[in-house]
Structures are given as structure tokens and as C-alpha cells.
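The values are calculated or read from the model by the stated rules, or taken from the named source; none is laboratory data. Here the structure is a predicted model, which is why all the values come from computation and not from measurement. All Cβ positions, glycine included, derive from the backbone under ideal geometry; neighbour counts span all protein chains shown.
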Amino acid sequence: MPTPDVALVSGDLLFASRLRAVLAPTTRVAMAAAGELPAEGMVFVDLNDEVEARIDLISALRARGDTRIIGFCQHDDREVRVRAMEHGADQVVTNGALQEAALRLIGRERD
């Protein structure tokens, strides 16, 4: 089985299914378990819950240096967006913009 192209750090199965649906069939999405440091080169980090642990994960991924990190959270959670960027996220988008951002980042247009 080939290695997935991107990882999603989230406990939200609805986000996972949406992301998988929009990126299929060319890009596979792996779910990363809590406390796991995903090996994929692009990681989507859900900042809607477990914020402190996920901010720490962003810092660890940034220290690795070779990962594209995209956080996502509620549109009105400015503090979380700022903190994620300060800790190394390349981009933080709203929950609603996640699918479009994912397509843009992998170089695909919506069908």
C-alpha cells in the first residue's frame, strides 16, 4: 500500500471524510493519532479542540523542517490562528475554507 500524501490530525471524522472526498482519487489522507508525529510532508491540523497539544505538535513539525503545516479552526478564533502561525504553521484557514485550501496546496482545481 502506498504512503499517504497528506496527514490529518483531528478526531473529527466528518472533516476527515470531507477532506478525503475532495482530494480523491489523486491524494490519500492518513489520520494521525493523538500524540503521533505524522511522517507526511503535508499535515492538516485541526485547531478546534485539544488546542495546546496541537500547537505543540505544530512546533514539533516545524522543528523537523520539511513539513507543510496547515491549521484550521473557527473563523472567529483569531487568537488560535495567531498562535498557530507563531509556532510554525504555514497557513491557518477557517473550517469552511479547508477544502479549497487543500486543493490549492496540492495544485488541483475543484472539478
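Checking the structure you have, find out if any residue of segment 73-83 is within 20 Å of Asp5 (Cα to Cα) and either without any contact (Cβ under 8 Å) to a residue 12 or more places away in the chain or in contact with a strand residue (DSSP E or B) (Cβ under 6 Å, 6 or more places away or on another chain) (or both). No: zero hits. Scanning segment 15-45 for residues that are crowded, with 16+ Cβ neighbours inside 10 Å and either more than 18 Å from Ile106 (Cα to Cα) or among the aromatic types (Phe, Trp, Tyr) (or both) turns up Phe15, Ala32, Phe44. Of all the listed residues (Ile69, Ile58), the sole one being more than 18 Å from Phe15 (Cα to Cα), of a type outside the set (Phe, Trp, Tyr) and either surrounded by 15 or more Cβ atoms within 10 Å (Cβ to Cβ) or without any contact (Cβ under 8 Å) to a residue 40 or more places away in the chain (or both) is Ile58. Condition check for Glu50 on (1) on the phi < 0 side of the Ramachandran plot; (2) modelled with pLDDT of 90 or more; (3) acidic (Asp, Glu): one failure, at (1).
Here is the figure for segment 77-88: residues that are within 20 Å of Leu14 (Cβ to Cβ) and of a type outside the set (Val, Ile, Thr) total 1. Scanning segment 72-100 for residues that are surrounded by 17 or more Cβ atoms within 10 Å (Cβ to Cβ) and either among the small types (Gly, Ala, Ser) or on the phi > 0 side of the Ramachandran plot (or both) yields Ala84, Gly88, Ala89.
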